[in-house]
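Visitor: Quick one: structure below, then a few questions.
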């Protein structure tokens, strides 16, 4: 009980509760994986025309293109991966400050 009270009185003493080198390693691995996942998901998107995607054949329209639902789901997953990457970057910066 006294330990919980000391945490409430001094919230900046996080190192007593969490193993920071392990947390740093986990955040670094997540940052790398989410970064690569975000890159791959962005490259999977359908070209909208007028950009580099036209240069590589992305501007060719066909009837076998992805449906609207699949494109929306790809957008959601891409945004989620990018937000997760940003949160890992901020969390890694906070952990670095405590080490």
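We did not get these values from a lab; they are worked out from the coordinates using the rules stated. Note that this is a predicted model, so its numbers are computed, not measured. Neighbour counts run over all protein chains shown; Cβ positions are idealised from the backbone, glycine included.
Visitor: What is the packing order of peptides 75-84, 90-99, taking the mean over residues of other C-beta atoms within 10 Å and listing the highest first?
Guide: The packing order, highest mean first, is 75-84, 90-99.
Visitor: When you count, for each residue, the other Cβ atoms within 10 Å and take the mean per peptide, how do 18-27, 33-42 rank with the highest first?
Guide: Highest-to-lowest ranking by the protection proxy: 33-42, 18-27.
Visitor: Next question. Give me the extension gain from residue 99 to residue 45: residue separation times 0.36 nm, minus the current Cα-Cα distance, reported in nm with one decimal. Provide the component values of the computation, followed by the final result.
Guide: Numbers: separation 54, 0.36 × 54 = 19.44 nm, distance 3.90 nm.
Here the segment from residue 99 to residue 45 would lengthen by 15.5 nm.
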